[in-house]
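Bear in mind these aren't lab numbers, they're just calculated from the coordinates by the rules spelled out. Owing to the predicted nature of the structure, the values given are computational and were not obtained by experimental measurement. Backbone-built Cβ (ideal geometry, glycine too); neighbour counts: all protein chains shown.
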Amino acid sequence: MLSYIEKNIKEKNEHAVLFWHAFPLSADMWEKQIDAVTAAGYPAIATNVYGVKGSQKKENWTFNHYVADVAQLLGKLHIEQVTLVGISMGGYQAFAMHKKFPGLLRSVVLCDTRAEADTDGARKNRFDFIDALAQNGSQEAVSRMIPNFFAKSTYRDKQALVDWTSKLIFSHEPEAIADQLRALASRDDSTDHLPKMNCPVTIIVGDKDKLAPPEIAKSMQSQIPNAKLEILADSGHLPNLEHPDVFNQVLLNHLAALDG
């Protein structure tokens, strides 16, 4: 079983908002977005990947395993369709979901992500990361990820957010982080799939994102039919945490357009 946070899930749900978290975080990163969409009347659910926050452990898991288990969970919760909001790793998983279960997707919001698979160099870096986790524990993930997550203004003005994110990463078991790295390294290239994404798509990216910069978001927009692009100012790789009010308004506008 996968662990999850849910709010306003009813006996039957025609359209819910599903949130998928970044590496190596958890569903907790979506708290303010869950509050925003449920206040607007939408049921919401945010799932955790294997080994995170009580989700079952699974050896050698891939994104295809994850999307299949989430699809099964949605069925158990009587959720007919979702708007899938995926950030970074959650965006990679969103591509896998659209390939495997397109009928479940009312729309997609891709945040600070990319369609390409890892290069050989990036894949090697992930396995070096795995080796370092075995030596240094979860602090290795804090040391590697925190310096790259946020805009300079966030480090300067929002130390509490930086500390919260650091503690969240440190709370995970090193092997759960390593399993995510293996899944990231083995993911398929989704570039050729972009023109097939014929549901409504909004792409969100922080203007200061160093890991998936705006140029990548612009390229995806040019390949996805009728995709919208929102570039958020003074935001890095996690704009939903850095500027939640701005992010939430973009998300609510996307949802309102579906109903309009």
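Farthest toward the positive end of the dipole of the chain, out of ILE224, ILE5, CYS199, is the Cα of CYS199, where the dipole comes from beta carbon charges about the Cα centre. When each of the peptides 193-206, 87-100 is scored by how many other beta carbons lie within 10 Å of its residues on average, the order from highest to lowest is 87-100, 193-206.
When each of the peptides 211-219, 63-71 is scored by the mean number of other C-beta atoms lying within 10 Å of its residues, the order from highest to lowest reads 63-71, 211-219.
As a rough footprinting exposure proxy, the listed residues LEU73, LEU258, LEU84 were ranked by other beta carbons within 10 Å of their own, and the order from fewest upward is LEU258, LEU73, LEU84.
Taking a straight Cα-Cα cut-off under 17 Å and skipping sequence neighbours fewer than 8 places away in the same chain, the lysines within cross-link reach of LYS99 are LYS196. Per residue, the convex hull spanned by the Cα atoms of region 119-176 amounts to 78 cubic angstrom.
Over all projection directions, the Cα-based convex hull of region 12-56 averages an area of 3.6 nm². Compute the whole-percent fraction of alpha carbon pairs in region 45-189 spaced more than 19 Å apart. For region 45-189, the fraction of Cα-Cα distances above 19 Å is 58 percent.
In a Gaussian network model over the chain where Cα atoms closer than 10 Å are linked, find which of MET29, MET145, MET220 has the largest mean-square fluctuation. In this elastic network of the chain, the residue with the biggest mean-square fluctuation among MET29, MET145, MET220 is MET145. Springs between Cα atoms under 10 Å define the GNM used for the chain, and in it the highest mean-square fluctuation of ASP209, ASP131, ASP179 occurs at ASP131. Among the listed pairs LYS7/LYS57; LYS158/LYS210; LYS124/LYS218; LYS208/LYS228; LYS12/LYS218, those with a Cα-Cα distance over 30 Å are LYS12/LYS218. When the Debye formula is applied to the Cα atoms of region 104-260, each taken as the same point scatterer, what base-10 log of I(q)/I(0) results at q = 0.08, 0.10 Å⁻¹? Reported log10 I(q)/I(0), two decimals: -0.27, -0.42. Around the Cα centre of the chain, unit charges on the Cβ atoms of Lys, Arg, Asp and Glu (plus for the first two, minus for the last two) sum to a dipole of about 200 debye.
If both residues of a DSSP beta bridge must be in region 1-123, then about 20% of such bridges are antiparallel. Ordering of 13-19, 43-49 by packing is 43-49, 13-19, highest average first (other Cβ atoms within 10 Å, averaged per residue). Residues whose amide H falls under 5 Å from that of GLY206, counting only those 5 or more places apart or on a different chain, are ASP112, LEU232, with hydrogens built in the peptide plane.
Pairs of Cα atoms in region 63-104 fall into 5 Å distance bins, from 0 up to the last occupied one, in shares of 6, 24, 35, 26, 7, 1 percent.
Projected label points at LYS76 and ILE9, each 7 Å from Cα along the beta carbon direction, are separated by 0.8 nanometres. Annotation: amide H of SER107 within the under-5 Å range of VAL82, THR83, LEU84, sequence separation 5 or more or interchain, hydrogens built in the peptide plane.
Directionally averaged projected area (region 152-243, Cα convex hull): 7.1 nm². Full extension of the chain between ALA122 and SER143 gives 5.8 nm of extra length, using 0.36 nm per residue less the Cα-Cα distance. Along the positive direction of the dipole of the chain (beta-carbon charges: Lys, Arg +1; Asp, Glu -1; about the Cα centre), which of GLY41, LEU25, MET97 reaches farthest? Ranked along the dipole, the leading option is MET97. Per-residue ellipticity at 222 nm from helix content only, as computed over the chain with -39500 (n - 2.57) for each DSSP H run of at least four residues, stands at -14500 deg cm²/dmol.
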